Amino acid sequence: MTETFHGTTILALRHKNKVIVAGDGQVTLGAIVTKHKAKKVRRIYNDQIITGFAGATADALTLSEKLEQKLEQYNGNLTRSAVELAREWRTDKYLRKLEAMMIAADEKNTYLLSGNGDVIEPDDGVISIGSGSTAAQAAAQALVGHTDLDPLTIVAEAMKIASALCIYTNNHITIEEI
């Protein structure tokens, strides 16, 4: 499975007692932009958890449904649900073929989940996935470290920078906050 997916940027920031997850709206098919306002960031589990995905849409939605099932099974425990999903994703013959990555966050935790079995929690409260992830994450880290901007503004500005640099990322941004 490739670690970078074209067609999206998802950024999560945990800063000043807020959790923000944002994603752009561009969907590409090869070199053609097929959609400008896709919603790749969603709330699940009674709106307590925010997810954002990069990769094949059907695969990402399958993972989102699987995560929600795990959350139901483990009473909303995101850590346990993320670990169990990653384990199943890596070992299940069908799920192993899914080409997507996911960020999931609640009021206490933020994780990047991948088909390699990864459940990664960022050290500094900033994590991103997708083709514009390097630009978005670098911008957010710089803004957190060198400005007094509020978290929502930091995420919006970082996504704006990513959309200016990455041809697979646009400026139709969906932002969810806990």
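Only the coordinates and a few stated rules stand behind these numbers; no lab work does. All values derive from a computational prediction rather than experimental measurement. Using ideal geometry, Cβ is built from the backbone for each residue, glycine included, and neighbour counts are taken over all protein chains shown.
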Charge tally for neighbours of Lys39 with beta carbon under 11 Å away, counting Lys, Arg as +1 and Asp, Glu as -1, is +3
With 0.36 nm assigned to each residue of separation and the Cα-Cα distance removed, Asn77 to Ala142 gains 20.3 nm
Taking r as the C-beta separation of Asn109 and Ala164 and R0 as 22 Å, the FRET efficiency to the nearest 0.05 is 0.10
Result row for the chain, helices from DSSP H with C-alpha axial extent 20 Å or more and mean Kyte hydropathy at least 0.5, is 151-165
Along the dipole axis of the chain (charges at Cβ: +1 for Lys and Arg, -1 for Asp and Glu; origin at the Cα centre), the most positive-end residue among Val19, Ile167, Ala140 is Ile167
The alpha-carbon center of segment 138-172 and that of segment 110-126 are separated, in whole Å, by 19 Å
Highest mean packing first, using Cβ neighbours within 10 angstrom, the peptides 121-134, 76-89 sort as 121-134, 76-89
Treating only Lys and Arg (+1) and Asp and Glu (-1) as charged, each at its beta carbon, one finds that the chain has a dipole about its Cα centre, in Debye to the nearest 20, of 400 debye
Taking r as the C-beta separation of Asp123 and Ala58 and R0 as 30 Å, the FRET efficiency to the nearest 0.05 is 0.40
